Amino acid sequence: MNLHEYQGKELLSSFGVRIQRGIVAQSAKDAVDAAKQMTAETGTGWHVIKAQVHAGGRGKGGGVKLAKNLQEVEEIAGNIIGMDLVTPQTSAEGKRVHQVLIAEDVYYPGDNEPEEYYMSVLLNRGTGKNMIMYSTEGGMDIETVAEETPHLIFTEEIDPALGLLGFQARRVAFNLGLSGGAFKEMTKFVSALYTAYVKSDASLFEINPVLKTSDDKIMAVDAKVTLDDNALYRHKDLKELRDLREENPIEVEAGALGLNYVDLDGNVGCMVNGAGLAMATMDLIKQAGGEPANFLDVGGTADAARVEAAFKIILKDPAVKAILINIFGGIVRCDRVAQGVIDAYKNMGNISVPIIVRLQGTNADIAKELIDNSGLDVMSATEFQEAADKVQEVLG
Ligand code: GDP
Ligand code: MN
């Protein structure tokens with residue numbers, strides 16, 4: 001589950017991480033009130049208006065703007081709220097902005113130039129340890145830094161039994177070229193950030209930029225937070241931060257039905273049991289000249305009700321030109337699945353796209369007979385290749 005920037009920052013702040021402060025607003029009028037309140041709290045007259053959507057690169061898309069007075073706050077907030085923000089990380093249609101963060105301007109002039117760093121905390125699956133990735137090259141695409149100047153990205157791996165040790169936090173500050181007050185601030189920042197990551201069961205914290213202000217404060221200006229769904233049951237407060245408006249509506253519906261569904265761009269809908277077989281099936285579709293329209297794992301219990309639910313979900317995608325059902329009957333017998341497909345098909349009345357069914361495992365032969373004798377526009381296949389050929393055939 002992803003959080004909005006403002007939610008991520010509140011979470012960080014609750015663990016003692018210094019943040020660029022702000023107040024979220026749903027309308028231009030609220031934005032002005034928020035700006036007044038920020039001025040009262042921080043003394044700043046300048047504010048940054050930041051679109052709150054689940055996508056990065058907002059600055060590039062015009063979703064982050066500086067306002068130098070209340071009139072500009074109202075104008076800019078009014079323009080950003082309701083817009084479809086297109087960034088390098090959204091689709092071409094963009095993401096509708098429902099709210100903005102009115103943040104204090106923290107790039108104020110002073111003794112030193114403000115500096116932007118990059119920092120993230122995530123799991124290194126290779127070593128099974130959490131790591132802190134950081135770089136002096138903050139503010140811009142970290143992907144570009146990784147590609148063109150990989151030596152400017154540092155990592156610090158953390159032993160889960162020991163936690164982040166003092167010398168590690170100091171090494172981070174040292175590698176970022178800090179000294180004096182900023183060095184101390186950075187060690188505190190990194191420690192608090194790591195604690196927040198562990199205590200909230202996150203799978204990613206990405207702070208880009210981490211800012212060194214002109215008076216040597218270290219703070220989070222942005223916050224991308226992904227929480228581990230499997231641990232949400234023990235964070236009731238965090239669970240409530242979910243914003244369904246930011247998620248794909250078909251995926252939300254599928255999730256509520258207990259189906260593991262991920263929407264993709266292709267034209268062949270897939271219904272599969274087991275994630276591994278689902279991946280293999282997507283490869284098969286590609287080889288047959290199609291593109292998978294979705295990833296869908298119906299799970300172990302592929303009975304008629306689940307098959308029907310899965311059909312309905314797949315057919316909500318108008319790009320689907322064919323459906324490939326590829327199910328291995330281990331615990332669930334193939335003939336039961338076949339009957340499920342037939343029942344679901346009849347219940348739904350009119351399915352306008354060709355369906356190819358491959359059932360393998362227990363009672364596969366009976367299942368094939370059931371499908372072949374059903375009189376429905378459903379093609380059966382036994383072998384993987386045969387299924388691929390039929391997909392190719394129906395796609396023309
Ligand atoms: P992103 O584009 O979605 O990653 O959004 P960010 O929160 O990272 O903001 C984008 C950029 O806006 C930052 O890299 C900064 O350069 C700029 N920005 C953010 N906060 C301030 C601020 O307080 N003052 C000024 N002048 N610029 C800011
Ligand atoms: Mn950013």
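Only the coordinates and a few stated rules stand behind these numbers; no lab work does. Since we're looking at a predicted model, the values are computed, not measured. Cβ: placed from backbone, ideal geometry, glycine included. Neighbour counts: every protein chain shown.
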Legend entry - Principal axis box of the stretch 248-333, alpha-carbon based, largest edge first, Å: 32, 27, 17
Legend entry - Residues Phe189, Phe15, Phe328, sorted so that the one with the fewest Cβ neighbours within 10 Å comes first: Phe15, Phe328, Phe189
Legend entry - Computed lengthening from Lys217 to Val198, 0.36 nm per intervening residue step minus Cα-Cα distance: 4.4 nm
Inset, instruction - With no solvent and one equal point scatterer placed on each C-alpha of the stretch 302-356, evaluate the Debye formula and give log10 I(q)/I(0) for q = 0.20, 0.25 Å⁻¹, two decimals. - result: -0.69, -1.04
Inset, instruction - With N set to the residue count of the chain, report its C-alpha Rg divided by 2.2 N^0.38 Å to two decimal places. - result: 1.21
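For the stretch 64-207, what is the relative contact order in percent, using Cα pairs closer than 8 Å and at least 6 residues apart in sequence? Walk me through the numbers on the way to the answer.
Values: 156 pairs, mean separation 25.0, N = 144.
The normalised contact order for the stretch 64-207 reaches 17 percent.
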Inset, instruction - With springs connecting C-alpha atoms under 10 Å apart, model the chain as a Gaussian network and identify which of Gln385, Gln99, Gln26 has the largest mean-square fluctuation. - result: Gln385
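Report the full-extension gain for the segment Glu147 to Arg234: residue separation times 0.36 nm, less the Cα-Cα distance, to one decimal in nm.
Numbers: separation 87, 0.36 × 87 = 31.32 nm, distance 3.79 nm.
Extra length from Glu147 to Arg234 when fully extended: 27.5 nm.
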Inset, instruction - May I ask you to give the average projected area over all directions of the convex hull of the Cα atoms of the stretch 156-269, in nm² rounded to one decimal? - result: 10.6
Legend entry - Gain in span if fully extended, Met348 to Asp111, counting 0.36 nm per residue against the direct Cα distance: 78.3 nm
Legend entry - Debye intensity ratio I(q)/I(0), log10, the stretch 58-185, q values 0.10, 0.15 Å⁻¹ (C-alpha model): -0.50, -0.97
Legend entry - Candidates Ile351, Ile19, Ile327, ranked by Gaussian network fluctuation over the chain, Cα under 10 Å, top entry: Ile351
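Rounded, prolate or oblate: pick one for the stretch 138-210, where a ≥ b ≥ c are the square roots of the eigenvalues of its C-alpha gyration tensor, a/c under 1.5 means rounded, and failing that, prolate if a/b is larger than b/c, else oblate.
oblate
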Legend entry - the stretch 304-396 - Rg (one decimal) and Dmax (whole number), Cα, Å: 12.3, 35
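Rank the residues Ser191, Ser135, Ser14 as a footprinting-exposure proxy: fewest other Cβ atoms within 10 Å of their Cβ go first. Spell out each step's value before the answer.
Working: Ser191 20, Ser135 25, Ser14 13.
Exposure proxy ranking, most exposed first: Ser14, Ser191, Ser135.
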Legend entry - the stretch 264-396, relative contact order in percent, only Cα pairs under 8 angstrom and at least six apart counted: 25
Inset, instruction - For an R0 of 30 angstrom, estimate the FRET efficiency from the Cβ-Cβ distance between Asn248 and Ala40 and round to the nearest 0.05. - result: 0.15
Legend entry - Relative contact order computed over the chain (Cα-Cα under 8 Å; 6+ residues apart), in percent: 12
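Sort Leu395, Leu244 so the one with the fewest other Cβ atoms within 10 Å of its own Cβ comes first.
Details: Leu395 16, Leu244 9.
Listing Leu395, Leu244 from fewest to most nearby Cβ atoms yields Leu244, Leu395.
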